[in-house]
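Undergrad: What follows is a single structure, and I will ask about it in a moment.
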Amino acid sequence: MPKFAANLTMMFTEVPFLDRFEAAARAGFKYVEYLWPYDYPAQELKAKLNLHGLKQVLFNSLPGNIAAGEWGVSAIPGREEESRRHIDLALEYALVLECPTVLIMGGVVPPGQSRAKYKQTFIDNLRYASEKFKPHGINIVLEALSPQVKENYLMKTQDDALEIIDLVNRDNVFLQLDYYHAQNVEGNLARLTDRVKNVLYHVQIASVPDRHEPDEGEINYPFIFNKLDEIGYQGYVGCEYNPRSDTAAGLGWFQTYK
Ligand SMILES: O=C(O)[C@@H](O)C(=O)CO
Ligand SMILES: [Mg+2]
């Protein structure tokens, strides 16, 4: 049975961020993930996790200048120093939070720029991250994002991410499969799951097309959860969706899994 993690960036937004840990625990979650921890001291976040008996399973490296359209700097040529600062900071947080996995954000490739150069920059920075994280047993994941959410992101399909994982060629760099993005771009989710199973390390879910609870829309999630069991997936499943209304009221789908 999948181990579900509440995504505290999207869920429980009825309460301030630091109160979402308690709300997730009350709703029956044992695991949490969220985009970025950096607005808070790591020790303060760890205290919240401990207080509510939660384990942090994922967070991201910094995104760069979101207002300027950035979504990660680790693939941007000329921003290597900044990328490595982001990676070092992510490691500091991962150690305090005892978080086993960090998503390294790649970047948007502006139209007209060389995708090959962005890819190579990302590979170089990922090798830096891999070496830094390796002695601590921390893993890296890469995620493909659909254009609906982030146009011109370096990785749009799972194959884009798989190619980079292959070229990085390090044993602590894996795939984060977000079924919401995968359905937007690729579909064929059961076969896709089989195809990526050897590098699959984190999963995220939401309905398509509306990115709500996984109990509506065009993806049959009970079937996908069985599929994950069938391939022996041992990782976490992040609930990265925008609740239709009240988060707790929308958790009917979760009752059979907690
Ligand atoms: O799917 C998403 O948007 C997130 O998982 C994320 O990490 C943003 O890059
Ligand atoms: Mg995602």
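Undergrad: Among what's in segment 61-79 and is surrounded by 23 or more Cβ atoms within 10 Å (Cβ to Cβ) and of a type outside the set (Ser, Thr, Tyr), pick the residue that is nearest to ligand 2 (Cβ to nearest atom).
TA: Taking the candidates together, the pick is Gly72.
Undergrad: Of all residues being surrounded by 15 or more Cβ atoms within 10 Å (Cβ to Cβ) and without any contact (Cβ under 8 Å) to a residue 40 or more places away in the chain in segment 80-101, which is nearest to Tyr31 (Cα to Cα)? Just the residue, please.
TA: Ala90
Undergrad: Output the residue which, of all residues in segment 161-179 that are under 16 Å from the mean Cα position of the chain (by Cα) and assigned to a helix (DSSP H, G or I), is surrounded by the most Cβ atoms within 10 Å (Cβ to Cβ).
TA: Ala161
Undergrad: Also, I was wondering about something else. Mind checking which residues of segment 18-45 are within 16 Å of ligand 1 (Cβ to nearest atom) and among the hydroxyl-bearing types (Ser, Thr, Tyr)?
TA: Tyr31, Tyr34, Tyr38
Undergrad: Could you list all residues from segment 210-258 that are hydrophobic (A, V, I, L, M, F, W, C) and either in contact with a His (Cβ under 8 Å, 6 or more places away or on another chain) or not in a loop (DSSP other than H, G, I, E, B) (or both)?
TA: Phe223, Ile224, Phe225, Leu228, Val237, Cys239, Ala248, Ala249, Leu251, Trp253, Phe254, listed by residue number.
Undergrad: Got a sec? Which of Glu33, Glu14 is buried (at least 23 other Cβ atoms within 10 Å of the Cβ) and among the acidic types (Asp, Glu)?
TA: Only one candidate qualifies: Glu33.
Undergrad: Within 15 Å of the chain's Cα centre (by Cα), outside any loop (DSSP other than H, G, I, E, B), within 14 Å of ligand 1 (Cβ to nearest atom) and closer than 18 Å to Ile219 by Cβ: does that describe Gln183?
TA: Judged against the criteria, Gln183 is not a match.
Undergrad: Kindly list the number of the only condition in (1) of a type outside the set (Asp, Glu); (2) closer than 25 Å to Arg20 by Cα; (3) surrounded by 20 or more Cβ atoms within 10 Å (Cβ to Cβ) that fails for Ser245.
TA: (3)
Undergrad: Another question, then. Can you go through Leu54, Leu145, Leu97 and tell me which one is hydrophobic (A, V, I, L, M, F, W, C), in contact with a strand residue (DSSP E or B) (Cβ under 9 Å, 6 or more places away or on another chain) and within 16 Å of ligand 2 (Cβ to nearest atom)?
TA: Matching residue, one of Leu54, Leu145, Leu97: Leu145.
Undergrad: Could you please find all residues in segment 219-242 being over 21 Å from the mean Cα position of the chain (by Cα) and surrounded by fewer than 12 Cβ atoms within 10 Å (Cβ to Cβ)?
TA: Phe223 - this is the single residue of segment 219-242 that is over 21 Å from the mean Cα position of the chain (by Cα) and surrounded by fewer than 12 Cβ atoms within 10 Å (Cβ to Cβ).
No lab work stands behind these numbers, since they all come straight from the coordinates. Predicted model only: the values in this text are computed from it and were never measured. Counting neighbours? That spans all protein chains shown, and the Cβs are built from the backbone with ideal geometry, glycine included.
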